[in-house]
Amino acid sequence: TAATAEAQVAADRKAIDAARQAEQNAKGAAIEAQEQAEKNPTAANQAAATAAAAKLTAASAALQAAFQKLDKDIDVSNEAKEAANAAKDTARETAEAAGKAAQQAGQAAGNANAGGAAANNGGAANNGGAAANNGNNNNNNNQQNQEAKEAAEQAALQAALKTGEQARATAQQKSQAAQAAATQNQKTVEAALNQKIGALDAAVETAEQKVNADRQALEKARQAAQQATQDAQEAAEQVERANTAANQAALAATQAKAQTTAAAFNQANATLNADNQALTQARESGEQQEQALRAAAQQQIQAGYTAAQQATQAAWAEAQQIGNAALAALEQ
């Protein structure tokens with residue numbers, strides 16, 4: 001029945017809401033799994049990313065199937081309403097035909113009585129014949145008028161059905177456009193998100209490279225300081241063996257170099273410590289910013305699909321209203 005079909009359409013819309021939410025959840029899980037697999041490409045993470053992608057594909061297919069079922073059930077609902085209206089029209093036409101048949105039967109009986117009276121009156125028989133001819137002409141006119149009325153009603157019904165069909169086609173186009181806009185919005189938001197996350201990762205990578213360079217510089221400074229200290233010790237031993245002016249000068253030079261290289265080592269070590277702290281801060285800040293960016297992106301994506309859902313519901317509601325109005329106009 002029309003009521004059952006309408007209830008099925010309402011159930012389909014609820015199913016679409018659930019399927020869309022399931023797709024969003026699967027999409028978020030797939031993104032996280034893929035990122036985890038890229039950051040730590042273990043076999044387990046790769047398998048998890050593959051499974052999440054498969055689940056997203058299945059959820060998208062389920063959402064598409066839900067939309068297709070809604071379109072089909074809307075057609076069934078409209079056809080049920082049209083059939084109900086057609087049944088009403090048929091019943092009304094049957095009742096009208098029965099009433100006209102009874103009227104025609106009454107007119108025929110009246111004409112027969114008039115003919116009998118004319119025969120009894122003699123010369124009035126000619127008048128009775130003229131009345132019978134007039135009755136036949138009236139019956140023909142009534143039949144022609146009825147046929148013309150039925151043709152006009154049928155044309156009006158076809159026009160109303162066509163109006164409803166066009167309204168549904170327009171709603172389908174609006175629904176597809178809204179869904180495409182939501183999908184494009186998601187792609188745009190995700191592209192911007194990836195770009196921002198890439199900038200955060202680049203900042204962390206730069207800090208890591210600086211720390212690595214500091215470690216290398218520290219190792220060179222350590223080796224230089226160690227060598228200078230060893231040279232100073234050897235110069236001191238040489239002075240002990242032969243306390244000459246030349247050995248004294250050599251000792252002073254090596255001691256000065258040992259002090260300089262030790263200071264350089266200390267400075268390199270301080271630089272490494274500072275850059276290590278900066279790296280830690282960059283990682284922590286990057287993680288916090290990434291979480292905030294992902295949350296904002298998810299909201300933007302969800303807002304796009306919510307707008308698409310609202311636009312789809314409005315489009316189908318408008319189509320339903322147009323179709324109902326066209327059929328209701330036939331009753332006036």
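The values are calculated or read from the model by the stated rules, or taken from the named source; none is laboratory data. Computed from a predicted model, the values in this text were never measured in an experiment. A quick note on method: Cβ atoms are made from the backbone with ideal geometry, for glycine too, and the neighbour counts reach across all protein chains shown. Each accessible area value is taken on the protein alone, full model and side chains, heavy atoms only, with ligands, DNA and RNA left out. Shrake-Rupley method; radii C 1.70, N 1.55, O 1.52, S 1.80 Å.
At-a-glance table
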| read-out | value |
| --- | --- |
| Subset of the range 281-320 (residues that are over 17 Å from L70 (Cα atoms) and open to solvent by 70 Å² or more (accessible area, probe 1.4 Å)) | Q281, R283, E284, E287, Q288, Q289, Q291, Q298, Q299, Q300 |
| Residue match in the range 205-226 (condition: within 38 Å of the chain's Cα centre (by Cα) and assigned to a helix (DSSP H, G or I)) | yes |
| Residue count, the range 237-269 (criterion: among the polar types (S, T, N, Q) and assigned to a loop (DSSP other than H, G, I, E, B)) | 2 |
| Total residues in the range 9-65, condition closer than 21 Å to G304 by Cβ and touching an Asp or Glu at 6+ places or on another chain (Cβ under 6 Å) | 3 |
| Boolean, T50 is over 25 Å from E331 (Cβ atoms) and of a type in the set (V, I, T) | yes |
| Output for the range 70-84, where each listed residue is of a type in the set (V, I, T) and either on the phi > 0 side of the Ramachandran plot or open to solvent by 60 Å² or more (accessible area, probe 1.4 Å) (or both) | V76 |
| Selection count, the range 229-278, where residues are buried (at least 16 other Cβ atoms within 10 Å of the Cβ), within 18 Å of E219 (Cβ to Cβ) and among the polar types (S, T, N, Q) | 3 |
| For A59: the one exception among (1) out of contact with any helix residue (DSSP H, G or I) (no Cβ under 8 Å at 6 or more places or on another chain); (2) in contact (Cβ under 8 Å) with a residue 40 or more places away in the chain | (1) |
| Among residues of the range 1-16, those that are closer than 12 Å to A80 by Cα and acidic (D, E), counted | 1 |
| Hits in the range 30-47 (condition: open to solvent by 50 Å² or more (accessible area, probe 1.4 Å) and either touching a Pro at 6+ places or on another chain (Cβ under 9 Å) or assigned to a helix (DSSP H, G or I) (or both)) | I31, E32, Q34, Q36, E38, K39, A43, A44, Q46, A47 |
| Among (1) open to solvent by 90 Å² or more (accessible area, probe 1.4 Å); (2) in contact with a helix residue (DSSP H, G or I) (Cβ under 7 Å, 6 or more places away or on another chain); (3) among the polar types (S, T, N, Q), the one test that Q166 misses | (2) |
| Any hit, the range 170-181, residues being surrounded by 15 or more Cβ atoms within 10 Å (Cβ to Cβ) and over 19 Å from F67 (Cβ atoms) | no |
| Test for Q176: is it in a helix (DSSP H, G or I), modelled with pLDDT of 80 or more and either touching a Cys at 6+ places or on another chain (Cβ under 8 Å) or of a type outside the set (D, E, K, R) (or both) | yes |
| Conditions (1) closer than 20 Å to V189 by Cα; (2) among the hydrophobic types (A, V, I, L, M, F, W, C); (3) at pLDDT 80 or above: number failed by A7 | (1) |
